[in-house]
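Just below is one structure, and these are the notes that go with it.
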């Protein structure tokens, strides 16, 4: 049993747990050398069994490399590329944005000024129209208030004369229409006589 235990320890446990073999394997992988060289350091190096110490150290090394890549390499790459792009974009775009904002403010100010000017002009015109209407109505009211009975009688006489004139114009129009009809009838009769004379002459 002792010999079996020693054989197990020699053949299996020592290759798996030997830190010297782990150091050698790590150094060979670091320098790119083959794991089959310098076998005199560990006689069990030809074993195909994995070395747990080497695996643990390799895992720790990979974890350290991942942490370095995440916290150092990516940070410097981001600062070198993305921050440069951001700075260049801010340097280029901020003056353009400021210029566009200034132009927009000027256009907006011009629109507001034109609106205020037009609103003031329209307000002035409306006030003038209201004042003109009020003054006209006041003038008409004053004229109506100053009329007396003689003026109303005179207005009636004027209205009667106007109605007589309208009737006379209407009668004259009817008479002119009758005269025009007679003239047209005479023209037609004369035309007919001329046509008959022309036919007879032919």
**Report entry** Nearest-0.05 FRET efficiency for residue 155 and residue 116, computed from C-beta distance (R0 35 Å)
**Finding:** 0.10
Report task. Evaluate the distance, in nm, between pseudo-label points positioned 7 Å from the Cα of residue 193 and of residue 59 along their respective Cα→Cβ axes. Result -> 14.3
Query raised in the report: Can you tell me the Rg and the Dmax, both Å, for the Cα atoms in region 50-111?
Result: 25.0, 82
Query raised in the report: How long is the gain from residue 76 to residue 91 if the chain were fully straight, where each residue apart is worth 0.36 nm and the alpha carbon distance is subtracted?
Result: 3.3 nm
Query raised in the report: Expressed in nm to one decimal, what extension gain is obtained for the pair residue 163 and residue 98 from 0.36 nm per residue of sequence separation less their Cα-Cα distance?
Result: 15.5 nm
Query raised in the report: Dividing the alpha-carbon Rg of region 46-187 by 2.2 N^0.38 Å yields what?
Result: 3.51
Query raised in the report: Taking only the alpha-carbon atoms of region 151-202, what semi-axes of the equivalent ellipsoid follow from 5 times the gyration tensor eigenvalues under a square root, in whole Å, largest first?
Result: 50, 5, 4
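Read-outs: derived from the displayed coordinates by stated rules, not from any lab. Bear in mind the structure is a predicted one, so any value in this text is a computation, not a measurement. All Cβ positions, glycine included, derive from the backbone under ideal geometry; neighbour counts span all protein chains shown.
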